[in-house]
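First the structure, in the form of structure tokens, and then the observations on it.
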Amino acid sequence: MTISRRAALLGGAASVLATTTGRQAVAQTALSPQLAELYERAKPEGEVSIWGPSATTIGWIPDIFAERFRDIKVSFVGSEQAAARFITESRANRHTADLWFYSLGATLDIQSRGLLQKHDWASLGAKPEGIFFGGEVVAMNNHVSTPIFSRSLVKDDDVPRQYEALLDPRWKDNMVASSFLLPRMAAYLAIEWGLQRTQKWMRALIDDNRTMITTAPVSDLLFSGERRLAISESVGAARRMNNAGRNVGYRLMEIVPCTQFTLAVTKNTPHPNAARFLAAWLMTSEAKTLFSERAGLSDVRTDPNSPLSREIQAARLKPVFEDVNTMDQRADYYRQLSAIAKG
């Protein structure tokens, strides 16, 4: 798979934003003996760096560590170009990244170049289905795509529960979708429906129901009242808007697209003990709760007891996960569906 094709799989990161809750949970959670031992080993190194897709995804970690683990300073690189930068630095034999946190699509580009090391994720509680590439990569959490809506304009019970129902004429001139996110979300539908049915659905959505396709923030259109429902957003986007004082709902549909975010220790980490310690802490339920609250990323794949997992299970919905075996197929679907979204 080429870099350009894998780049098509990075959707969702831009809409995942931080919040300001969760400090009480951090203050009250004691270190396990395993974490305490790793912390002592990490202290002499004094610092660690984590790279990811955006400041809003991982930018909350340094403040937590400044409060929680005063002997280790966390820095981060948050950029959609992080993979290209990481590869360029590695070619120049320059190594500044300790941990890699990104979507599976971007991680494939790093892993295929031998830039990650095997790690004993199972000892940190990782389940077998969440460990990839012989232990080089572990599943962390998911960007879950959903329609979102303004509760001041739409009642919860009026929002469709199936994607086909969005074609109802009553939603004509009432919907908006991001040109960046819509084809990425629809690629998951194509895995379930097939490409032909998904293409037909997208054309009807745009041509018949006159859904607005935009590169602008959909929140502006929702809260101006110009549109009432945004199709290809996420649980995280709804949480971010609510934390900003908006009254936004999300609707989990019959198919739940789940972009996979992963964690890895870099092969040439300059701070190996601090990297192992931060990796171990990020795997705890404490950290995963903070990821959910602050970045809108919940572990749906490997944690059946997470609130979002329970919500999906209770409604008997079908999650569709990003997977190494379907990445090429999804990239091809994205390319063809993007042509429809962009006209």
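Tabulated values for the structure
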{"quantity": "Residues of segment 228-238 that turn out to be more than 19 Å from the chain's Cα centre (by Cα) and surrounded by fewer than 24 Cβ atoms within 10 Å (Cβ to Cβ), as a count", "calculated": "1"}
{"quantity": "Residue list for segment 123-142, filter: of a type in the set (Ser, Thr, Tyr) and in a strand (DSSP E or B)", "calculated": "none"}
{"quantity": "ASN242 vs. criteria surrounded by fewer than 19 Cβ atoms within 10 Å (Cβ to Cβ), of a type in the set (S, T, N, Q) and modelled with pLDDT of 95 or more", "calculated": "no"}
{"quantity": "Sole residue being touching a Lys or Arg at 6+ places or on another chain (Cβ under 7 Å) and within 24 Å of THR107 (Cβ to Cβ), chosen from VAL324, VAL320, VAL256, VAL248", "calculated": "VAL256"}
{"quantity": "Selection from segment 87-122 of residues that are assigned to a helix (DSSP H, G or I), touching a residue at least 40 places away in the same chain (Cβ under 8 Å) and within 25 Å of CYS258 (Cα to Cα)", "calculated": "LEU104, GLY105, ALA106, THR107, LEU108, ASP109, ILE110, GLN111"}
{"quantity": "Test: residue in segment 165-180 that is open to solvent by 10 Å² or more (accessible area, probe 1.4 Å), in a helix (DSSP H, G or I) and in contact (Cβ under 8 Å) with a residue 60 or more places away in the chain", "calculated": "no"}
{"quantity": "When residues of segment 259-278 are limited to those that are closer than 19 Å to SER90 by Cβ and not in a strand (DSSP E or B), the one most open to solvent (accessible area, probe 1.4 Å)", "calculated": "LYS267"}
{"quantity": "Given (1) part of a helix (DSSP H, G or I); (2) more than 19 Å from VAL144 (Cα to Cα); (3) more than 18 Å from the chain's Cα centre (by Cα), index of the condition ILE213 fails", "calculated": "(1)"}
{"quantity": "For ALA187: the one exception among (1) under 22 Å from THR56 (Cα atoms); (2) hydrophobic (A, V, I, L, M, F, W, C); (3) buried (at least 24 other Cβ atoms within 10 Å of the Cβ)", "calculated": "(1)"}
{"quantity": "Count of segment 240-258 residues which are without any contact (Cβ under 8 Å) to a residue 12 or more places away in the chain and in a loop (DSSP other than H, G, I, E, B)", "calculated": "2"}
{"quantity": "Test: THR198 is hydroxyl-bearing (Ser, Thr, Tyr), part of a strand (DSSP E or B) and crowded, with 21+ Cβ neighbours inside 10 Å", "calculated": "no"}
{"quantity": "Failed criterion for VAL300 (all others in (1) part of a helix (DSSP H, G or I); (2) in contact with a Pro (Cβ under 7 Å, 6 or more places away or on another chain); (3) surrounded by 23 or more Cβ atoms within 10 Å (Cβ to Cβ) hold)", "calculated": "(1)"}
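The values are calculated or read from the model by the stated rules, or taken from the named source; none is laboratory data. Computed from a prediction, not measured in an experiment: that's the story for all the values here. Neighbour counts are summed over all protein chains in view; Cβ atoms, including those assigned to glycine, are modelled from backbone coordinates with ideal geometry. Surface accessibility is based on the protein's heavy atoms, side chains included, excluding ligands, DNA and RNA. Shrake-Rupley method; radii C 1.70, N 1.55, O 1.52, S 1.80 Å.
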